[in-house]
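Written out below as structure tokens is the structure these notes cover.
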Amino acid sequence: MIRNKDNVIEIEVNAEKLYYTVIGKYLDLKKLINKLKSSSNKKYIISKLLIPISNTVCDEYIIPVNIEYVQCSILCVCNKREEKTMYCLLCVDENNNKKTIKFPEIQLKENSEPEKLILNDMEKTFYNVPDQVKSTLQLVDITGPNSDILVYCSKISNK
């Protein structure tokens, strides 16, 4: 923690990675998934945000321990009316015949700008990322059981 000349406290976070997701109504997320680029090797699923991820997937998937922490942080973005109807995007990683379910993840490098990294990742993955997704991107939390993880979220909905 550093106090600068304007008496503002700056807190330095040494996060190594970040997770992000898009939350919204099921049909809006389905439309976003339909915009996946054919060259993208990422697979996505839609999950109810209110239900713990471990209860929504079958035994064939591995769930990293920090994913439930991230989900709790993202749930805080919703108001009481929304929380029962909101869904989120999860990424499926396949490695050595093991499937891992997690939020899209980006490894951070020193002096990187997380928002730019997320938007670049989205633009590599999806055709026509909706402006609403870009404009609502925000840091939600810094969490993690063993190290700092930045948690970002965007909201999409057709009103």
Item to check | Selection within region 68-99 - in contact with a strand residue (DSSP E or B) (Cβ under 6 Å, 6 or more places away or on another chain) and among the acidic types (Asp, Glu) | outcome: ASP93
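Filter region 133-142 down to the residues that are among the polar types (S, T, N, Q) and surrounded by fewer than 17 Cβ atoms within 10 Å (Cβ to Cβ), then identify the one that is nearest to PRO104 (Cα to Cα).
Checked region 133-142; the qualifying residue nearest to PRO104 (Cα to Cα) is GLN138.
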Item to check | Total residues in region 17-43, condition of a type in the set (S, T, N, Q) and assigned to a strand (DSSP E or B) | outcome: 1
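For (1) surrounded by fewer than 18 Cβ atoms within 10 Å (Cβ to Cβ); (2) of a type outside the set (S, T, N, Q), each residue gets a yes or a no:
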position: LEU27; (1), (2): yes, yes
position: SER39; (1), (2): yes, no
position: ASP59; (1), (2): yes, yes
position: GLN71; (1), (2): no, no
position: LEU90; (1), (2): no, yes
position: LYS102; (1), (2): no, yes
position: LEU108; (1), (2): no, yes
position: ASN111; (1), (2): yes, no
position: GLU123; (1), (2): yes, yes
Checklist entry - Hey, any hits in region 106-120 for a residue that's modelled with pLDDT of 85 or more, in contact with a Ser or Thr (Cβ under 7 Å, 6 or more places away or on another chain), under 22 Å from LYS35 (Cα atoms) and not polar (S, T, N, Q)? => result no
Item to check | Test for SER47: is it in contact with a Ser or Thr (Cβ under 9 Å, 6 or more places away or on another chain), assigned to a strand (DSSP E or B) and either within 14 Å of LEU89 (Cβ to Cβ) or at pLDDT below 75 (or both) | outcome: yes
Checklist entry - From the residues in region 78-88 that are surrounded by 14 or more Cβ atoms within 10 Å (Cβ to Cβ), of a type outside the set (Asp, Glu) and out of contact with any Lys or Arg (no Cβ under 7 Å at 6 or more places or on another chain), which one is nearest to ILE149 (Cα to Cα)? => result CYS88
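The values are calculated or read from the model by the stated rules, or taken from the named source; none is laboratory data. Note that the coordinates shown come from a computational prediction; the quantities given were computed from them, not determined experimentally. A quick note on method: Cβ atoms are made from the backbone with ideal geometry, for glycine too, and the neighbour counts reach across all protein chains shown.
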